[in-house]
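> This is the structure, below, for whatever I ask next.
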Amino acid sequence: MTAPVLEVKELVAGYEPGVPIVRGASIRVDQGEIVVVLGPNGAGKSSFIKAIAGLVPKSGGSVHLVGEDITAVPAHEMVRRGLAFVPQTENIFPLMSIEDNLKVAAAVLPKTEIAAGIREVYDLFPDLSQRRRTAAGNLSGGQRQMLAVARALVVRPKLLVLDEPSAGLSPKFVSMVFDMLSDIRAHGVTILLVEQNARAALAIGDRAYVLVEGQDRHEGIASELWNDPVVAELYLGRRGKRNSDGNPA
Ligand SMILES: Nc1ncnc2c1ncn2[C@@H]1O[C@H](COP(=O)(O)OP(=O)(O)O)[C@@H](O)[C@H]1O
Ligand SMILES: [Mg+2]
């Protein structure tokens, strides 16, 4: 049996010593999956994936990437190990062209692989290819997220980790971002996704975890979780009450 792409066991992490925000959270992501982490605001979702990516100090537990222990790997080394993290904000350089954004991201690759890496993401995102000389700051919100994801993919990561890629986008761009993630998965990329937009995330996800107070409280098949009463209670705060857009009332 091959090792999971990501295996996080009993992770403890936080910003100050003795104040854990992530309190023993465990998840697994298998090859080719989209795994979603849901949870109320302040549950520690961002802290959790930042800790996985080496951006928040860990004080317990372990993180393995395709069987390799990356628990102590510093953030700037993660990309080389195969873990690409797309933060929620400030994930592109707005004053630089699309092409230069990609070149900076590709700089960790061996010189001979840079051009091929960039060509691959242009094949995946023709819109970016057409506008390669455009300053990234001139892109729409949805295209900016596309560029942020392209920057992560240019190094052909084993795992793509995203923090709320749909946050702050208008509905049209939200569906564009989720369609894009489905497409990327169809190209064989394994994805770990944190989202507030539970309905849209569960629609493209395979499995999901619900994080509450820094712990994984619930796990299930994405398509089943939406109707799960435990999730309704934990995540939505009260049983079954939702807005027409499917988000917590
Ligand atoms: N940079 C930081 N320094 C100190 N505490 C933080 C920092 N970022 C987040 N926190 C705290 O961690 C907790 C979880 O936040 P976060 O991980 O952003 O949750 P979520 O992404 O689920 O909304 C919150 O109590 C928040 O105040
Ligand atoms: Mg967050």
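> Roughly how many Å² is the accessible area per residue of the chain, as a whole number, for a 1.4 Å probe? Walk me through the numbers on the way to the answer.
Values: 11580 Å² over 249 residues.
Accessible area per residue, the chain: 47 Å².
> In addition: Going by average Cβ density within 10 Å per residue, which order do the peptides 101-114, 165-178 take, highest to lowest?
Numbers: 101-114: 16.1, 165-178: 17.6.
Most protected by this proxy first, the peptides run 165-178, 101-114.
> Could you check how much of the accessible area of the range 13-75 is carbon and sulfur, as a whole percent, using a 1.4 Å probe? Don't jump to the answer; show the numbers that get you there.
On the way: 1370 of 2580 Å².
Carbon plus sulfur share of accessible area: 53 percent.
> Run the simple label-point estimate for Thr89 and Arg156 please: 7 Å along Cα→C-beta, distance reported in nm.
The two pseudo-label positions are separated by 3.5 nm.
> I would also like to ask the following. I need the shape label for the range 57-180. Rule: rounded when a/c is under 1.5, else prolate if a/b > b/c, else oblate, with a, b, c from the alpha carbon gyration tensor.
In terms of gyration-tensor shape, oblate.
> Share of antiparallel DSSP beta bridges in the range 6-234, in percent to the nearest 5? List each step's numbers first, then the result.
Values: 22 of 38 bridges.
Within the range 6-234, antiparallel bridges account for around 60 percent of the total.
> Given the rule -39500 (n - 2.57) for each run of at least 4 DSSP H residues, summed and divided by the residues of the chain, what is its mean residue ellipticity at 222 nm, to the nearest 500 deg cm²/dmol? Walk me through the intermediate numbers first.
Values: 10 runs with 89 residues, N = 249.
That calculation yields -10000 deg cm²/dmol at 222 nm.
> Over the chain, what is the relative contact order in whole percent, taking alpha-carbon pairs under 8 Å and six or more residues apart? Mind showing how you got there, number by number?
On the way: 492 pairs, mean separation 63.3, N = 249.
Here the relative contact order equals 25 percent.
> Could you tell me the calculated FRET efficiency between His187 and Val19, based on Cβ-Cβ distance and R0 = 30 angstrom, to the nearest 0.05? Present the calculation step by step, with values, prior to reporting the outcome.
Numbers: r = 40 Å, r/R0 = 1.34.
Approximately 0.15, to the nearest 0.05.
> Just to confirm my numbers, what's the Cα centroid distance between the range 77-127 and the range 37-76 in Å?
22 Å
> Something else about it: Report the gain in length on full extension from Ser26 to Glu233: 0.36 nm times residue separation, minus Cα-Cα distance, nm rounded to one decimal.
Values: separation 207, 0.36 × 207 = 74.52 nm, distance 2.08 nm.
Fully extending the segment from Ser26 to Glu233 adds 72.4 nm.
> What percentages make up the Cα-Cα pair-distance distribution of the chain when the bins are 5 Å wide from 0?
With a bin width of 5 Å, the distribution comes to 1, 6, 14, 18, 19, 17, 12, 8, 3, 1, 0, 0.
> If you only keep lysine pairs separated by 8 or more in sequence, or across chains, how many in the chain come under 25 Å at the Cα atoms?
16
The values are calculated or read from the model by the stated rules, or taken from the named source; none is laboratory data. On a predicted model such as this, the values are computed, not experimentally measured, just so you know. Note: ideal-geometry Cβ built from the backbone for every residue, glycine included; neighbour counts use all protein chains shown. Each accessible area value is taken on the protein alone, full model and side chains, heavy atoms only, with ligands, DNA and RNA left out. Shrake-Rupley method; radii C 1.70, N 1.55, O 1.52, S 1.80 Å.
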